[in-house]
Amino acid sequence: MDRALSTHLICNHHLTTSWLGRVEAAGIPAVEIFCAPQHLNCYDKSQIGDLGYWFRDSQLKLHSLHSPMFTDEVWGRSGPQTHINITDRNKSERIRWVGEIKRAIEIAETIPFRYLIQHIGATGQEYSDYFVEAAFSSLEELGVFARQRGVEILLENIPNELSTAERLDDFNRMTHLNLNYVFDTGHAHIGAGIEHEFEIMKPRIRSLHVHDNDGKADQHLFPLTPSAGTIDWSRTMDLLRSRPGQYPLLLELKEVAEMEHPLVEVARVFDALEALQSAKPTHA
């Protein structure tokens, strides 16, 4: 599988060409950039322009952009008014959030990328028909805007009642938007289980978010390390390998303050995952 890395690993820091150069030097061919004001600010034309010049001269490819989730620099902790949600009950706020996501999509005019990763609702959000209708209205508009810029929107399985594998498939059937998916291993592990959600989503999976947790919290841990979670990575890699060529092996990890050389550890995780032997029983 091709390798890719999300800049979620350093999303509490300003994204620079120097760090991207280190990713390229580590032999990782593609990245997903996480949109957050403290990291990549969709309104910072200077930052976007500098990154655009750098990518044009680099072998590193921008595989995808993660849609912004908050308008503040502290992950929404400054208040609910900073939470970007395309299902917002307040129509004027929902229009505002769609506008924020359009600013992210416009980055493709400077730095071409293939996919925008989009959430339906917020973590823990309950299901309602109203939220489904609001998501349909938002995504219909965003889909047109994205396609005009060569971008495809992917929906992510996240821990809420709107975005389980079943609910994403129901959403596609009801709306006929026929959107493809990014499969998140950690979110599936918290939810109905990796195998269960993968089997439902697999025909439409176009990208991955690979990370570990304890089955309770969304920790974005490095797999196969002493501090890793409880995911069965041999079985998970069997599943991910079952769709060859359909998506890259994209790690979406959380920064570890005491980790001196995170990109070295990223390379080790890639090697360890790829070296895993099949968990399937063999027959003599």
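The values are calculated or read from the model by the stated rules, or taken from the named source; none is laboratory data. On a predicted model such as this, the values are computed, not experimentally measured, just so you know. Heads up, the Cβs are rebuilt from the backbone with ideal geometry, glycines too, and the neighbour counts pull from every protein chain shown. Heavy atoms of the whole protein, side chains included, go into the accessibility calculation; ligands, DNA and RNA do not. Shrake-Rupley method; radii C 1.70, N 1.55, O 1.52, S 1.80 Å.
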Ranked order, His8, His211 - accessible area, probe 1.4 Å, largest first: His8, His211
Calculated FRET efficiency for the pair Ala25/Ala217, C-beta based, R₀ 45 Å, to 0.05: 0.85
Rounded percent of accessible protein surface that carbon and sulfur make up, the chain, 1.4 Å probe: 51 percent
Set of lysines with alpha-carbon distance to Lys91 below 27 Å, sequence-local pairs under 8 removed: Lys102
Rounded to whole Hz, the Karplus (6.51, -1.76, 1.60) HN-Hα couplings of region 216-221, x for glycine and proline: 10, 10, 7, 8, 6, 7
For region 172-236, alpha-carbon Rg relative to the globular expectation (2.2 N^0.38 Å, N residues): 1.20
Spacing of the two label points (7 Å from each Cα toward its C-beta) at Asp170 and Gln246, in nm: 2.3 nm
Axial C-alpha extent at least 18 Å, average Kyte-Doolittle at least -1.0 - helices from the chain (DSSP): 91-105, 129-147, 262-275
Segment Glu161-Gln148, length gained on full extension (0.36 nm per residue, minus Cα span): 1.6 nm
For the chain: relative contact order, % (alpha-carbon pairs under 8 angstrom, 6 or more apart): 17 percent
Relative contact order, percent, region 141-229 [alpha-carbon distance under 8 Å, six or more residues apart]: 24 percent
Ser92 paired with Ser58, simple spin-label distance in nm, labels 7 Å along Cα-to-beta-carbon: 4.0 nm
Enclosed volume per residue, in Å³, of the convex hull spanned by Cα atoms of region 201-277: 101 Å³
Stretchable slack from Gln277 to Ser18, in nm (0.36 nm times residue separation minus alpha-carbon distance): 89.7 nm
Per residue value of the accessible surface for the chain (all protein chains in place, 1.4 Å probe), Å²: 46 Å²
Virtual spin-label span in nm between Lys45 and Arg235, 7 Å along Cα→Cβ: 5.3 nm
Backbone N under 20 Å from the Glu140 label point (7 Å along Cα→Cβ), restricted to region 83-124: 85-102, 118-121
Within the chain, percent of DSSP bridges classed antiparallel, to nearest 5: 10 percent
Estimated [θ] at 222 nm from DSSP helical runs (n ≥ 4, -39500 (n - 2.57)) normalised by residues in the chain, nearest 500: -11000 deg cm²/dmol
